[in-house]
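Undergrad: Take this structure first; my questions come after.
The values are calculated or read from the model by the stated rules, or taken from the named source; none is laboratory data. Predicted model only: the values in this text are computed from it and were never measured. Here the Cβ positions follow ideal geometry from the backbone for every residue, glycine too, while neighbour counts run over all protein chains shown.
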Amino acid sequence: MQEWNTICCDIVSSKGHALPWVDSIRYLGVYLVRSRMFKCDFDNAKSSFYRAFNAVYGKIGRYGSEEVILQLIYSKCFPCLFYAIEACPVNKTQEKSLEFTIKRTLMKLSRTVSSDVIKVCRCFFGITDTKLLIVKRKMKFLHKYCSSENGHVNCSQTLPVWNEKCWL
């Protein structure tokens, strides 16, 4: 058995209440998972995204133009999916799962299962690849963090400057 997966005794509080060990815990809206390394779970974020998407699509799906619907999804649903992703490590499997969530949404909007059609829709409407979107959000966070006036924040390395179009 691995050290991180060892069964431990419950911790007892000063009032005698046992604090059990759990496989996952929600902290500030982020689900942390028991693992050998720091790991987050995005299943609840995907559920929140689908709930928000279904609410938007259910209200205006038949009546709104694609541009309006996609703008609402981008502004109302994407924050649910990518909440606090800047602070979470994302492995390739999780990245593909988040990408699939967006792809399925676009398939429903365009009423197709063709990956080629979805690629054209993404290009036409400017929907960024999930991997690039995560990198952009992490870089934006790091730049804000490093440029903070807070005395407790110390960035010993300089980061590349991010411009919307390219790295400088």
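Undergrad: Output yes when any residue across the range 49-69 is within 21 Å of LYS136 (Cβ to Cβ) and under 13 Å from the mean Cα position of the chain (by Cα), and no when none is.
TA: yes
Undergrad: Please work out which residue is modelled with the lowest pLDDT, limiting yourself to the range 97-146 and to residues that are over 13 Å from LEU70 (Cα atoms) and among the hydroxyl-bearing types (Ser, Thr, Tyr).
TA: Looking at the filtered set, the residue picked out is TYR145.
Undergrad: Let me ask something additional. Go through the range 35-54 residue by residue and tally those that are within 22 Å of ILE7 (Cα to Cα) and touching a strand residue (DSSP E or B) at 6+ places or on another chain (Cβ under 7 Å).
TA: The total comes to 3.
Undergrad: I've got another one for you. Quick one: is LYS76 closer than 26 Å to PHE141 by Cα, at pLDDT below 95 and either surrounded by 15 or more Cβ atoms within 10 Å (Cβ to Cβ) or over 13 Å from the mean Cα position of the chain (by Cα) (or both)?
TA: yes
Undergrad: Residues of the range 16-28 being in a loop (DSSP other than H, G, I, E, B) and either at pLDDT 90 or above or in contact with a helix residue (DSSP H, G or I) (Cβ under 6 Å, 6 or more places away or on another chain) (or both), which ones?
TA: Selection gives LEU28 alone.
Undergrad: Search the range 115-141 for residues that are hydrophobic (A, V, I, L, M, F, W, C) and pair each with any residue that is assigned to a loop (DSSP other than H, G, I, E, B) and surrounded by 12 or more Cβ atoms within 10 Å (Cβ to Cβ) when their beta-carbon atoms are under 9 Å apart and the residues are at least 6 apart or on different chains.
TA: Short answer, once both residue conditions are applied: ILE118/THR112; CYS121/THR112; CYS121/ILE127; LEU133/PHE82; LEU133/ILE127; ILE134/PHE82; ILE134/VAL90; MET139/LEU159.
Undergrad: For the range 57-68, what are the residues that are surrounded by fewer than 17 Cβ atoms within 10 Å (Cβ to Cβ) and either assigned to a helix (DSSP H, G or I) or small (Gly, Ala, Ser) (or both)?
TA: The answer is GLY58, LYS59, ILE60, GLY61, GLY64, SER65, GLU66, GLU67, VAL68.
Undergrad: I've got another one for you. Filter the range 124-137 down to the residues that are farther than 15 Å from LEU81 by Cβ and in contact with a helix residue (DSSP H, G or I) (Cβ under 8 Å, 6 or more places away or on another chain) and list them by number.
TA: Selection gives PHE125 alone.
Every residue, every condition in (1) free of Cβ contacts under 8 Å to residues at least 24 places away in the same chain; (2) surrounded by fewer than 13 Cβ atoms within 10 Å (Cβ to Cβ); (3) farther than 16 Å from SER110 by Cβ, yes or no:
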site	(1), (2), (3)
ASN44	yes, no, yes
ALA52	no, no, yes
LEU70	no, no, no
ALA84	no, no, yes
GLU95	no, no, yes
